[in-house]
Amino acid sequence: MRGGCIPDNAVRGGVDGNGETNYVARAVHEGNLLPGRVASTGRAYVSYENEEYCKEHYEVLLADCDVDWIEWDGENQPTGIIQGGLTKDGEPLYIGRAHHRDFTITGKVQLSKQACFIPFDGEEWSYEDFEVLVCGAIRLV
């Protein structure tokens, strides 16, 4: 996709720096397929090695199942966690989001680092407290 209209069934990721909804996206950067966000500007943002990159060519995640954001507990990989990309070395990257300042920003979860990395304001931010996107989440109360 390139700067087009966001489909109705695109997965909402959070709220970006302009207070507008951002959506789950992914784009290729230096041989990596990186989960990130697409903003209302029609451009996607991903992070890599401490920097944010703006991408004009990207894919938007469309929901064909019930999806939900659940809090990462730091110990157990949730059932139904959605893989959104791969490093150039073949490590899976999952879709996550973190609260940064007053915003909720979508990014990548790297299990080997137990962190969610989000692109924001030209930089890559790392969070140990974050949510992951899952398909068919079941909550017990």
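Annotations for the structure displayed:
- Residues located in the range 9-24, provided they are outside any loop (DSSP other than H, G, I, E, B) and in contact with a Leu (Cβ under 7 Å, 6 or more places away or on another chain): Ala10, Val24
- Residue within the range 71-84 that is under 19 Å from Glu124 (Cβ atoms) and part of a strand (DSSP E or B) present: yes
- Any hit, the range 105-116, residues being among the hydrophobic types (A, V, I, L, M, F, W, C), surrounded by fewer than 17 Cβ atoms within 10 Å (Cβ to Cβ) and at pLDDT 95 or above: no
- Lys88 vs. criteria outside any strand (DSSP E or B) and modelled with pLDDT of 95 or more: yes
- Taken residue by residue, the range 19-31 has at least one member that is surrounded by 18 or more Cβ atoms within 10 Å (Cβ to Cβ) and hydroxyl-bearing (Ser, Thr, Tyr).
- Residues in the range 53-63 include at least one that is more than 13 Å from the chain's Cα centre (by Cα), under 24 Å from Ile6 (Cβ atoms), surrounded by 17 or more Cβ atoms within 10 Å (Cβ to Cβ) and of a type in the set (D, E, K, R).
- Scanning the range 40-52 for residues that are of a type in the set (Gly, Ala, Ser) and surrounded by 19 or more Cβ atoms within 10 Å (Cβ to Cβ) turns up Ala44, Ser47.
- Count of the range 10-46 residues, restricted to those that are modelled with pLDDT of 90 or more and more than 15 Å from the chain's Cα centre (by Cα), is 2.
- Any chance Asp68 is part of a loop (DSSP other than H, G, I, E, B) and farther than 19 Å from Glu20 by Cβ: no
- Output for the range 43-85, where each listed residue is polar (S, T, N, Q) and in contact (Cβ under 8 Å) with a residue 60 or more places away in the chain: Ser47, Asn50
- Residues of the range 78-103 classified as touching a Leu at 6+ places or on another chain (Cβ under 7 Å) and farther than 19 Å from Tyr23 by Cβ, total: 3
The values are calculated or read from the model by the stated rules, or taken from the named source; none is laboratory data. Please read all numbers here as calculations on a predicted model, not as lab measurements. Positions of Cβ are generated from backbone atoms using ideal geometry, with glycine treated the same way; all protein chains shown enter the neighbour counts.
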